[in-house]
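Down below is the structure, laid out as structure tokens.
The values are calculated or read from the model by the stated rules, or taken from the named source; none is laboratory data. Computed from a predicted model, the values in this text were never measured in an experiment. Every residue, glycine among them, receives a Cβ derived from its backbone with ideal geometry; neighbour counts consider all protein chains shown. SASA here: full protein model, heavy atoms, side chains in, ligands and nucleic acids out. Shrake-Rupley method; radii C 1.70, N 1.55, O 1.52, S 1.80 Å.
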Amino acid sequence: MQMMSPAQWSKMTTDFWMLELEASSVIASRTMMLAAGGPLADREAQRMVSEKMQAMWELQWKLLTGGLGTTPHSAGTGAIRHYRSKVAANRRRLK
């Protein structure tokens, strides 16, 4: 098994922290929308669940088909990149 360098760990850690920060803004936006209630909130709740399921299945497919590479580093960075793209799309849509 290939070991990750300190630079690779540092970059992946920074990318993960960014994912956490970006996701927290989506959570805040969705929380406000859901708290307001109504048809938009209902649609958002359904969309949120279906998007999460879809993102999970896409990531599993990438893992099973080699789309995340063959090293721990490529799998970790690929998973973070996958979820960051999903979170970024939600941030743009919810603004």
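Classification of the chain by its C-alpha gyration tensor yields an oblate form. The axis ratio a/c (a ≥ b ≥ c) is 1.5 or more, and b/c is at least a/b. Dipole of the chain (Lys/Arg Cβ +1, Asp/Glu Cβ -1, origin at the Cα centre): which of T77, V26, T14 lies farthest to the positive side? Farthest towards the positive pole: V26.
Taking θ as phi - 60° and the Karplus parameters 6.51, -1.76 and 1.60, the scalar couplings of segment 78-86 work out to x, 5, 5, 4, 4, 6, 5, 5, 5 Hz in sequence order, x denoting glycine and proline. Computed over protein heavy atoms with a 1.4 Å probe, the carbon and sulfur contribution to the accessible area of the chain reaches 67%. Rolling a 1.4 Å probe over the heavy atoms of the protein chains gives the chain an accessible area of 71 Å² per residue. By the rule of a C-alpha distance below 15 Å, with chain neighbours fewer than 8 residues away ignored, the aspartates and glutamates paired with K52 are E44. Using Cβ point charges alone (K and R +1, D and E -1), the dipole size of the chain about the Cα centre works out to roughly 260 debye. Note that segment 56-66 has calculated 3J(HN,Hα) couplings of 5, 5, 4, 5, 4, 5, 4, 5, 5, 9, x Hz, one per residue in order, obtained from phi through the Karplus relation 6.51 cos²θ - 1.76 cosθ + 1.60 (θ = phi - 60°); glycine and proline are x. Near D15: Cβ cut-off under 15 Å, other residues only, Lys/Arg at +1 and Asp/Glu at -1. The net charge is +2.
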